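> Next up is a structure, given as structure tokens.
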Amino acid sequence: MKFFNDLADFEAAEINDLVAFARDLDQRPQPRALEGKVLALLFLSPSLRTLASFQSAMTRLGGGVFVISPDMSIHSIEARSGIVMDGAAAEHIREAIPVIASYSDAIGIRAFAKRERLSYDLEDSEFRAMTSLVDVPYINMESAINHPCQSLADWKTMDDLGIGTHGNRFVLSWSWHPQPMPMAIPAATVHMAALRGMDVTVLRPQGYQLPGTIMARAQEAARASGGTVTETADRDEAMQDAQVLYVNSWTSQHHYGDARAEEDFKHELRYWLVDEPWFSPSKKNCYFMHALPARREVTVTDRILDGPRSVVIPEARNRMLVQMAVLHRMLSES
Ligand code: CP
């Protein structure tokens, strides 16, 4: 495996194989599998789970790992192209990334969307530019528009719960958040559930429709897998027979790059706080999923996060397991 950037690069059978391998590595540890291999982790955006789970995954396989992030005592890094570097930044990303990669056998990069120009972020332009600078295998640890490690963990989480693929209803819902949030997780999640062949509903208030390119890509995946993708603002309609309510917050495409305008627009939407009544229309045992971090009593209530519907802790642990499978496939072959 030369890169892990998008679940769409894999057939469903290959994804199932990675998930099965993750389960196997959990049950039958291979503590020397990646002895002598080094993973570099470049965090240009913050993290808890991704940072910790990649370090744990690599350590459990016997490899070494180092982390670089702007919070450390590194030179401040310039990312803009064609810039005269007479300000605070001492080093350009065009040198920094290949240098970091040259110390490693694989590199993981996290760089959230700039959220200035929607088209730039939808094309994942910044992440593509960064990965073009490396000649070792790379992993997308969340870019402007994708989060494949989260999606692979979510796939495994649903398998572990016995939630099937075809004919099972998956609801991806927007929720209120005080800040404008990236679209990487909703874009990756709607696509992942469509790839599984599930009946996917995107539940969101008016103004929070996902961009057409994200929906069209998910609908294309659904056509190939036998699933469906629809969207609605009607919560009861969406939650009918839902087996999973997957919650995330994302910025409005209509106010992209204008945090003040979005703040005004969503002022009336604070009631989009996930709580028990949301689940009433479902006659099925509906689980609550969230990639975390989740804001308690802002995005979701305590009683949901702490209650029996929530699978957020095993979902987060699955990050480590599926990343072990990815790292093993990537590095034991090289
Ligand atoms: N879900 C996820 O990627 O978590 P972090 O932002 O903490 O890494």
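The values are calculated or read from the model by the stated rules, or taken from the named source; none is laboratory data. On a predicted model such as this, the values are computed, not experimentally measured, just so you know. Neighbour counts are summed over all protein chains in view; Cβ atoms, including those assigned to glycine, are modelled from backbone coordinates with ideal geometry. In case anyone asks, the SASA skips ligands and DNA or RNA and just uses the protein heavy atoms, side chains included. Shrake-Rupley method; radii C 1.70, N 1.55, O 1.52, S 1.80 Å.
> Scan region 248-263 for residues that are open to solvent by less than 50 Å² (accessible area, probe 1.4 Å), of a type in the set (A, V, I, L, M, F, W, C) and touching a residue at least 60 places away in the same chain (Cβ under 8 Å) and jot them down.
Just the residues of region 248-263 that are open to solvent by less than 50 Å² (accessible area, probe 1.4 Å), to begin with: 248-252, 255-256, 261-262.
Applying the additional criterion that residues be of a type in the set (A, V, I, L, M, F, W, C) yields 250, 261.
Within region 248-263, just Trp250 meets the criteria.
> On to the next question. Looking at Ala216, Ala193, Ala221, can you tell me which residue is without any contact (Cβ under 8 Å) to a residue 24 or more places away in the chain and under 19 Å from the mean Cα position of the chain (by Cα)?
Details: Ala193 fails: without any contact (Cβ under 8 Å) to a residue 24 or more places away in the chain; Ala221 fails: without any contact (Cβ under 8 Å) to a residue 24 or more places away in the chain.
From the options Ala216, Ala193, Ala221, the qualifying one is Ala216.
> What residue, among those in region 264-297 that are within 16 Å of the ligand (Cβ to nearest atom) and in a loop (DSSP other than H, G, I, E, B), is surrounded by the most Cβ atoms within 10 Å (Cβ to Cβ)? Please lay out each step first, then the result.
Keep residues of region 264-297 that are within 16 Å of the ligand (Cβ to nearest atom), which gives 288-296.
Still in the running and in a loop (DSSP other than H, G, I, E, B): 290-295.
Values: His290: 23, Ala291: 25, Leu292: 14, Pro293: 13, Ala294: 20, Arg295: 14.
Here the answer is Ala291.
> Here is a follow-up. Test of understanding: among Ala101, Ala111, which residue is touching a residue at least 40 places away in the same chain (Cβ under 8 Å), closer than 22 Å to Phe66 by Cα and touching a strand residue (DSSP E or B) at 6+ places or on another chain (Cβ under 7 Å)? It would help to see each step written out before you state the result.
Values: Ala111 fails: touching a strand residue (DSSP E or B) at 6+ places or on another chain (Cβ under 7 Å).
Of the residues listed, the single one that is touching a residue at least 40 places away in the same chain (Cβ under 8 Å), closer than 22 Å to Phe66 by Cα and touching a strand residue (DSSP E or B) at 6+ places or on another chain (Cβ under 7 Å) is Ala101.
> Considering only residues of region 298-313 that are open to solvent by 70 Å² or more (accessible area, probe 1.4 Å) and more than 13 Å from the ligand (Cβ to nearest atom), which is farthest from Leu18 (Cα to Cα)?
We begin by selecting, within region 298-313, every residue open to solvent by 70 Å² or more (accessible area, probe 1.4 Å); these are 303, 306, 308, 313.
From what's left, more than 13 Å from the ligand (Cβ to nearest atom): 303, 306, 308.
Numbers: Arg303: 33, Asp306: 30, Pro308: 28 Å.
That would be Arg303.
> Which of the residues belonging to region 293-334 are acidic (Asp, Glu) and either within 21 Å of the chain's Cα centre (by Cα) or modelled with pLDDT of 95 or more (or both)? Outline the logic, then answer.
In the first step, residues of region 293-334 are kept if they are acidic (Asp, Glu); the result is 297, 302, 306, 315, 333.
Glu297, Asp302, Asp306, Glu315 - these are the residues of region 293-334 that are acidic (Asp, Glu) and either within 21 Å of the chain's Cα centre (by Cα) or modelled with pLDDT of 95 or more (or both).
> So the check is Cβ under 9 Å with 6+ separation or different chains; which pairs have a first residue in region 31-50 that's among the charged types (D, E, K, R) and a second one that's within 16 Å of the ligand (Cβ to nearest atom) and open to solvent by 10 Å² or more (accessible area, probe 1.4 Å)?
So the pair list comes out as Arg49/Leu292; Arg49/Pro293; Arg49/Ala316; Arg49/Met320.
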